[in-house]
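Below is one structure, written out as structure tokens; the observations come after it.
The values are calculated or read from the model by the stated rules, or taken from the named source; none is laboratory data. All values reported here derive from a predicted model rather than from experimental measurement. Here Cβ is always computed from backbone atoms with ideal geometry, including for glycine, and neighbour counts include all displayed protein chains.
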Amino acid sequence: MLAEYGEVNSNFRLLTDIRFKLLAFLPIVAAVGAAVAKAGTSNSDPLSEIAVLALSLFGLTVTIGLATYNDRNDQLYDNLVGRAATIERELGIPHGAFAHRLNAWFAVDLGLLRWKVGHRTGVTTIYLASIALWLAGLLVATTRLVWGSDDPPGWLYGLAVAAAVGLTLAGWLVVAHQRELRRARMREDARDAVRFVREHGRSAAAGCGMFQTTCARLHGSGDVEKMKRRADFYTDLSVDELAHYMETEPSHREAAQFVALLVDLPPHWIEDVARGRR
């Protein structure tokens with residue numbers, strides 16, 4: 001367990017290192033790209049405008065890809081924190097650095113906006129600013145191409161920049177809303193799945209279509225047949241064989257581990273949700 005704790009900490013540091021390397025290079029690359037785009041737009045040649053358009057589209061695509069990669073890293077990061085906290089408690093260190101990780105307790109009240117002082121607020125701001133910058137370059141280049149040979153009026157540039165900022169914020173709000181809906185649905189499905197296993201047992205759960213559907217939804221794939229195959233596999237194992245995958249004594253933990261094996265989610269998270277801690 002101590003060896004695993006060391007590996008968890010090592011992976012935690014690695015993800016943190018990757019995050020800050022991305023944050024170090026992303027604003028610089030975005031600023032350089034904006035400077036190149038500005039130089040390109042000073043030339044009325046349509047080929048220059050197309051080059052700027054292609055550069056902005058490429059920069060926007062790459063930035064969205066990096067933001068997606070960072071969001072996935074956040075999921076792994078949270079899982080490592082949860083696993084490290086579980087190990088600390090099982091080792092008899094209930095007040096460990098992960099078991100009692102400091103909450104982001106401060107927020108700046110700006111009236112309609114509440115600015116939370118936390119890592120993810122800063123990271124999200126940098127990614128949103130980079131996306132808005134690339135999107136502005138894309139819209140400005142498109143405006144110049146559509147306008148033709150004459151230089152567009154200044155207000156049109158301002159409108160393009162405002163549209164870029166507005167679209168970026170709107171996209172962020174849509175994604176944030178969908179994430180919250182997904183989290184709420186996952187918590188509900190995790191509670192239902194664990195409750196069913198505890199009330200009816202693993203064998204009955206494996207053969208129940210409602211349980212399989214709940215697990216498929218919790219997994220995110222919607223693949224009911226895959227959940228059925230997995231449930232049948234673990235149900236058919238002997239007690240000694242099953243002990244290599246999970247605890248076999250009836251409890252919240254045993255039920256959570258069984259569900260976790262099916263849906264590829266951390267058992268400590270499923271157990272916490274089922275018992276009302278999350």
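Checked against the criteria, Ala132 does not count as at negative phi, touching a helix residue (DSSP H, G or I) at 6+ places or on another chain (Cβ under 9 Å) and modelled with pLDDT under 90. For segment 123-145, residues that are touching a residue at least 12 places away in the same chain (Cβ under 8 Å) and within 23 Å of the chain's Cα centre (by Cα) total 12.
I'd like the residue in segment 154-165 that is of a type in the set (Gly, Ala, Ser) and touching a residue at least 24 places away in the same chain (Cβ under 8 Å) and, out of all such residues, is surrounded by the fewest Cβ atoms within 10 Å (Cβ to Cβ).
It comes out as Ala163.
Contact map, segment 210-230: residues that are of a type outside the set (S, T, N, Q) paired with residues that are not in a helix (DSSP H, G or I), Cβ distance under 8 Å, separation 6+ or inter-chain. Pairs shown: Ala216/Gly222; Ala216/Asp223; Leu218/Leu265; His219/Asp264; His219/Leu265. For first residues located in segment 57-70 and assigned by TED's automatic domain parsing to the domain that holds Lys21, partners that are in a helix (DSSP H, G or I) and hydroxyl-bearing (Ser, Thr, Tyr) and lie 6+ apart or on another chain with Cβ distances below 6 Å form the pairs Thr63/Ser130; Ala67/Tyr127. In this structure, Thr168 does not qualify as in the same structural domain as Ile18 (by TED's automatic domain parsing), buried (at least 17 other Cβ atoms within 10 Å of the Cβ), of a type in the set (Val, Ile, Thr) and in a helix (DSSP H, G or I). Anything in segment 78-116 that is among the β-branched types (Val, Ile, Thr) and either touching a residue at least 40 places away in the same chain (Cβ under 8 Å) or out of contact with any strand residue (DSSP E or B) (no Cβ under 6 Å at 6 or more places or on another chain) (or both)? List them, or say none. Hits for segment 78-116 are Val81, Thr86, Ile87, Ile93.
For segment 231-259, the tally of residues that are in contact (Cβ under 8 Å) with a residue 12 or more places away in the chain and of a type in the set (A, V, I, L, M) stands at 5.
Taking the numbered list (1) in contact (Cβ under 8 Å) with a residue 40 or more places away in the chain; (2) assigned to a helix (DSSP H, G or I) in turn, Asp151 passes all entries but (2). Checking each residue in segment 101-153 for being exposed (fewer than 11 other Cβ atoms within 10 Å of the Cβ), aromatic (Phe, Trp, Tyr) and more than 22 Å from Phe12 (Cα to Cα) picks out only Phe106.
For Leu181, the conditions (1) closer than 30 Å to Gly59 by Cα; (2) surrounded by 15 or more Cβ atoms within 10 Å (Cβ to Cβ); (3) at pLDDT 95 or above; (4) of a type in the set (A, V, I, L, M) all hold with the exception of (2). Each residue in segment 220-255 was checked for being in a helix (DSSP H, G or I) and touching an Asp or Glu at 6+ places or on another chain (Cβ under 6 Å), and 3 pass. Residues in segment 191-228 that are small (Gly, Ala, Ser), surrounded by fewer than 20 Cβ atoms within 10 Å (Cβ to Cβ) and farther than 13 Å from Val263 by Cβ: Gly201, Ser203, Ala204, Gly207, Gly209.
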